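Notes follow once the structure below has been shown.
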Amino acid sequence: MKISQHQLDLVNDRIRALTASGSFYGKKLEAAGITSVATPEDFEKLPFSEKNDLRDAYPLGLMTAPEEEIVRIHSSSGTTGKPVIIPYTQKDVDDWAIMFARCYETAGITKKDRIQITPGYGLWTAGIGFQNGCERLGAMAVPMGPGNTDKQLQMMQDMETTVICSTSSYALLLAEEIAKRGIKDKIHLKKGVIGSERWSKKMRERISTELGIELYDIYGLTEIYGPGIGINCKYDTGMHYWDDYIYLEIIDPVTGKVLPDGEMGEIVITTLVKEGAPLIRYRTHDLSRIIPGKCECGREYPRIDVIMGRTDDMMKIKGVNVFPSQIEEILGSFTEISSEYQIRISHLDGKDTMRIYVETSGSYDFEDVARRIAEKVKSRIGFTPIVKVVEIGVLPRSMKKTARVIDERYDEN
Ligand code: ZN
């Protein structure tokens, strides 16, 4: 999906605004001698922006509009170091609400819905984004914020909430509580809008079945407005994103090269009309792919796949980029194995090798299961792993996903 002429014009407006303001990125562009881009090829040569750099702009170095036009800031907390502060103009706040209302509409939510909002309100962009989008749509917001499950369930019954907005883990917790308390017949939920993070198909199915609702993944990040820049429609063929507000690329996280549609890589976003803190080619470190072709719903907005993980999780094996989530997804399609697995990567005789350990019960032919898993990995990802099948209970039980992938290649020196 090449950048269009109209999108290029908008990028040039942003470049002009950034340099005129002398903001953090304005100075960077100026130092690199960039004043405008004429072609898609020019655009692909623009330097990336990174969260680590944004921290250097703390507190208000990203501010690109005059201060009297800034109406709000939001902040994304890093796990380490200084937070990132994103200033918003009134137009930015309005644009975000328009995009968010579009998300609700895409999920089939209407003015008649009652939307219970459980993400947090405050410096970060979650709760208030869901709220402004809801009001823009004209639906009724039930602004709960996080926690207090008793109160959540009480309001859900009394207000006859039809839409729940939450994280996947909180949705699961609510589903379990509703089942435990035997109040499912008093719950009116029809849909769930879930902040997009990597969550397994199994978890998704569980929430959807237990609550009897349709689930929608909403995408976004604080640096780029917040949640609300994309969502799946009822055909559930990936998330539509709003290409009148953002331009989205998928790059190889190692080489930085733009990948063709359909290939998995890192999401990079350029804001096309943002005033308070425009970002050009911002690396999200989220992994996904652009889904080629048109959606059955008829919307022209392009689509990305659900988020498959973070670039930090990526492994390179026999020259192929592999993400643990891809292996996990393949293993998840084999009903004869347990949910426990272990992946070991080593470098033997000059070659990278992946060994996958899985568990099954004695009623299956271990060799046959191993062969079928290896074949599926080969056909889906492009290399053949060594698959070892063991009895159920043999693999270590661990809570942490990361402990399931052991890269032994770096132990050798
Ligand atoms: Zn669609």
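The values are calculated or read from the model by the stated rules, or taken from the named source; none is laboratory data. Values in this document were obtained by computation on a predicted structure and should not be read as measured data. So basically every Cβ, Gly included, is an ideal-geometry build from the backbone, and we count neighbours across all protein chains shown. Accessible surface is based on the protein model in full, side chains and every heavy atom, while ligands, DNA and RNA are left aside. Shrake-Rupley method; radii C 1.70, N 1.55, O 1.52, S 1.80 Å.
Name the long-range amide H neighbours of Val142: under 5 Å, sequence gap of 5 or more, or other chain; modelled H, no Pro or chain starts.
Here the answer is Ile115, Gln116, Ile117, since their amide H atoms fall under 5 Å of that of Val142.
Compute the signed sum of charges (Lys and Arg +1, Asp and Glu -1) over the other residues within less than 14 Å, Cβ to Cβ, of Met155.
On the way: positive: Arg114, Lys151, Lys186; negative: Asp150, Asp158, Glu160, Glu177.
Around Met155, the surrounding residues sum to -1.
How big is the antiparallel share of DSSP beta bridges in segment 66-208, given as a percent to the nearest 5?
Roughly 35 percent of the DSSP beta bridges within segment 66-208 come out antiparallel.
Just list whichever of Lys201/Lys376; Lys2/Lys376; Lys28/Lys51; Lys201/Lys294; Lys316/Lys376 have alpha carbons separated by over 21 Å in the model shown.
In this structure, Lys2/Lys376; Lys201/Lys294 lie more than 21 Å apart at Cα.
So how far, in whole Å, is the C-alpha centre of segment 314-365 from the one of segment 68-102?
40 Å
Helix hunt in the chain: which complete DSSP H runs extend at least 18 Å axially by C-alpha with mean Kyte-Doolittle at least 0.0?
Long hydrophobic helices here: 168-181.
Using amide H atoms built in the peptide plane, which far-off residues or other-chain residues are under 5 Å from Gly228 H to H?
Tyr219, Gly220
Thr209 to Tyr58: FRET efficiency via 1/(1 + (r/R0)^6), r the Cβ-Cβ distance, R0 41 Å, to the nearest 0.05?
0.35
What is the local net charge at Leu172, summed over the other residues whose Cβ is closer than 9 Å to its Cβ (Lys, Arg +1; Asp, Glu -1)?
Here the count lands on -1.
Note down the nm distance, to one decimal, between modelled labels 7 Å out along Cα→Cβ at Leu123 and at Val273.
According to this spin-label approximation, the distance is 3.0 nm.
With every protein chain present, what is the per residue accessible area of the chain (1.4 Å probe, Å²)?
In whole numbers, the chain has 46 Å² accessible per residue.
Would you look at the GNM of the chain, springs on alpha carbons closer than 10 Å, and say which of Glu266, Glu30, Glu391 moves the most?
Glu391
Taking the chain as a Gaussian network, Cα atoms linked when under 10 Å apart, which of Ala179, Ala17, Ala101 shows the biggest mean-square fluctuation?
Per the Cα network of the chain with a 10 Å cutoff, Ala179 tops the list.
Heavy atoms only, probe 1.4 Å: what % of the accessible area of segment 1-158 goes to carbon and sulfur, would you let me know? Walk me through the numbers on the way to the answer.
Details: 4020 of 7580 Å².
Answer for segment 1-158 is 53 percent, counting heavy atoms of protein chains only.
Between the DSSP loop rule and a limit of at most 15 other Cβ atoms within 10 Å, which trypsin sites (Lys or Arg not before Pro) in segment 357-401 are left? Before the final figure, lay out the partial values.
Working: sites: Arg371, Arg372, Lys376, Lys378, Arg380, Lys388, Arg397, Lys400, Lys401; in loops: Arg397, Lys400, Lys401.
Sites meeting the loop and neighbour criteria: Arg397, Lys400, Lys401.
Defining a contact as two alpha carbons under 8 Å apart and six or more residues distant in sequence, what relative contact order in percent does segment 60-182 show?
Values: 167 pairs, mean separation 27.5, N = 123.
Value for segment 60-182: 22 percent.
Grab the DSSP H runs of the chain that are 4 residues or longer, score each as -39,500 (n - 2.57), total them, divide by all residues and round the 222 nm result to the nearest 500 deg cm²/dmol.
Mean residue ellipticity at 222 nm (helix-derived): -9000 deg cm²/dmol.
If R0 is 22 Å, what FRET efficiency do you get for Glu336 and Ser169 from their C-beta distance, rounded to 0.05?
0.20
Counting DSSP beta bridges with both partners in the chain, what percentage is antiparallel, nearest 5?
Working: 42 of 69 bridges.
If we restrict to bridges inside the chain, about 60 percent are antiparallel.
Taking the Cβ of Glu50 as the center, what net charge do the other residues with Cβ under 12 Å away carry, scoring Lys and Arg +1 and Asp and Glu -1?
Around Glu50, the charge tally is +1.
Within segment 282-387, which GluC sites (Glu not before Pro) sit in a loop by DSSP and count at most 16 neighbouring Cβ atoms inside 10 Å?
Answer in residue order: Glu296, Glu300, Glu336.
Whose amide H sits under 5 Å from the amide H of Leu123, counting only residues 5 or more places off or on another chain, with H placed in the peptide plane?
Under 5 Å from the amide H of Leu123 lies no amide H from a residue far enough along the sequence or on another chain.
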